[in-house]
Structure formats: structure tokens, C-alpha cells
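Everything on this sheet refers to the single structure shown next.
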Amino acid sequence: MRVVVDTNIVFSAILNSNGKIGDLLLNSKNLVRFYSVEYLRLEIRNHYDKLTVISNQTTDKIFETEYYVTKEIEFISEEQISENNWKSAYNLVKRVDLDDIAFVALSKHLRCKLWTGDKILIKGLSKNGFTNVITTDELLSYRTQKDKKTAGNK
């Protein structure tokens, strides 16, 4: 399975790499391929101060955690996304949250699911006809099912 990861997923993993989201990003290598846009790297760096305050960790520790959390994500340049996918994504997010346009555009470009924990975004996208979204619990269930099949084949 291929999945586009948005900012709130990565922030959650940085803040708690031992939680469900961190576990999925760090331990799903053979089952899920993660993608995101280069913009995500900038967003993380722009929020280091906020992340350090929330986590009560040093910037160095946040930087280290960011490295481990994002090393399994393949970053795609926004320039590789077609103009049609950008326009379509704009129409989907314009009344929801324009900050998510690149993630939706990449999801459309790669024809894969968008992994987000943003309930407002999920609801807004669904209302606009975009349902190619996967939640953390759905992704965890997918991995669990695949792990059981793999274990059963041994």
C-alpha cells in the first residue's frame, strides 16, 4: 500500500514516537510505502519551537526524532505534481484548509490514500467527494491483517 503522510501525522509521531502513529511510520516498511511533499520538511522546521515546548525536549532531540520518523518517508518535489492535480486539490480544500493542498495534490498524483488525523479535513474532503483517506486506526488494522497473513504463510 502507498500512503501520503500529512503534517499532523508527522508532528504526532515526533511528539510521541512510541505511540501508534510512530509505530506505524517506523515499523511498517515491508507493508506500506510512505510519501510526502518537500513542504513538510519546511513545516517541521518552522515549528521546532512549538514542538520543543509541547514535548518539553531540546531542539536537538526534536531534530533527532524528526530524522527517525521521516527516514521511511519518500519526499516528492511539488513541481512533479501536475497542474490538473493542483487545481483539483485546490477545489477540494479551498473551503476546508488550504494548508493541506499539497498533500491532497500528491495523493491525487500518486493515486494513493492520504493519511491524516485531521477530522475537519477528512469531513471537508468527504463532503467535497474525496474519500481516498485513511485514518490511523484503519492503517493499523491493515498492517495487522497483513502481518497475520504473513505469519500464517510461514
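The values are calculated or read from the model by the stated rules, or taken from the named source; none is laboratory data. A quick note: this is a predicted structure, and the numbers were derived from the prediction, not measured. Virtual Cβ from ideal backbone geometry, glycine too; neighbours counted across all protein chains shown.
Look at (1) out of contact with any helix residue (DSSP H, G or I) (no Cβ under 7 Å at 6 or more places or on another chain); (2) part of a helix (DSSP H, G or I); (3) touching a residue at least 24 places away in the same chain (Cβ under 8 Å); (4) surrounded by fewer than 18 Cβ atoms within 10 Å (Cβ to Cβ) and you find that LEU140 fails only one, number (1).
Please find, within the stretch 7-33, the residue that is farthest from LYS50 (Cα to Cα) out of those that are under 12 Å from the mean Cα position of the chain (by Cα) and either surrounded by fewer than 21 Cβ atoms within 10 Å (Cβ to Cβ) or among the polar types (S, T, N, Q) (or both). Checked the stretch 7-33; the qualifying residue farthest from LYS50 (Cα to Cα) is ARG33. Only residues that are part of a helix (DSSP H, G or I), modelled with pLDDT under 95 and among the charged types (D, E, K, R) were counted in the stretch 57-79, giving 4.
A single entry from ILE54, ILE122 fulfils the requirement of being loosely packed, with under 14 Cβ neighbours inside 10 Å and in a helix (DSSP H, G or I): ILE54. Note on the stretch 1-50: among residues that are outside any helix (DSSP H, G or I) and of a type in the set (D, E, K, R), the one that is modelled with the lowest pLDDT is LYS29. Looking only at residues in the stretch 92-127 that are small (Gly, Ala, Ser) and within 15 Å of the chain's Cα centre (by Cα), the one that is nearest to PHE34 (Cα to Cα) is SER107.
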